[in-house]
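The values are calculated or read from the model by the stated rules, or taken from the named source; none is laboratory data. Computed from a predicted model, the values in this text were never measured in an experiment. Don't worry about glycine lacking a Cβ; one is built from the backbone with ideal geometry, like all the others, and counts go over all protein chains shown.
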Amino acid sequence: MTVGTVSASLPSVSTDSVFLAGCPSRTVLEHVTSKWGLLLLIALSEGEQRWSALRRRADGISEKMLAQTLKTLERDGLVSRHAQLTIPARVDYSLTDRGHELSALLVPLAAWAIQNAGDIISGQDTTAAGPAGSHD
């Protein structure tokens with residue numbers, strides 16, 4: 001496997017603001033990079049899903065956390081909630097256009113995490129050039 005270094009930087013307009021305590025982007029980043037937020041956005045990138053399907057998909061999430069996270073993502077304009085007037089009640093969730101735009105960025109992040117999780121968890125960074133724990 002070829003290992004390369006990819007460098008990315010923020011546009012100069014926003015470089016400093018994201019590091020300021022009061023920057024609104026920090027709130028957005030907190031919502032979309034939380035464990036459950038990230039997993040639900042990726043799950044919904046696969047298409048519209050019912051509450052129960054999302055609960056099964058995000059194994060380990062409590063009903064309270066699922067409700068709280070979906071409500072936050074809906075408030076942020078990333079997820080749409082579609083309540084059906086049926087008996088029993090049916091609620092479907094899907095990504096908005098902005099949610100699709102975001103999930104296109106999150107899916108590669110999740111793929112990277114899956115690919116590297118074993119080495120990272122076991123403490124074997126195969127790409128490290130220096131001694132473990134070295135921070136230049």
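Beta carbons closer than 8 Å, at least 6 apart along the sequence or on distinct chains, never pair a first residue in the range 108-121 that is loosely packed, with under 11 Cβ neighbours inside 10 Å with a second that is aliphatic (A, V, I, L, M). Would you check if Ala67 is farther than 19 Å from Ala104 by Cα, at pLDDT 95 or above and surrounded by 12 or more Cβ atoms within 10 Å (Cβ to Cβ)? Yes: the conditions hold for Ala67.
Being assigned to a loop (DSSP other than H, G, I, E, B), modelled with pLDDT of 85 or more and either of a type in the set (Lys, Arg) or in contact with a strand residue (DSSP E or B) (Cβ under 8 Å, 6 or more places away or on another chain) (or both): is that true of Gly77 here? No; evaluated as a whole, the condition is false for this residue. Of the candidates Ser9, Ser17, the single residue that is surrounded by 12 or more Cβ atoms within 10 Å (Cβ to Cβ), at pLDDT below 90 and farther than 30 Å from Glu63 by Cβ is Ser17.
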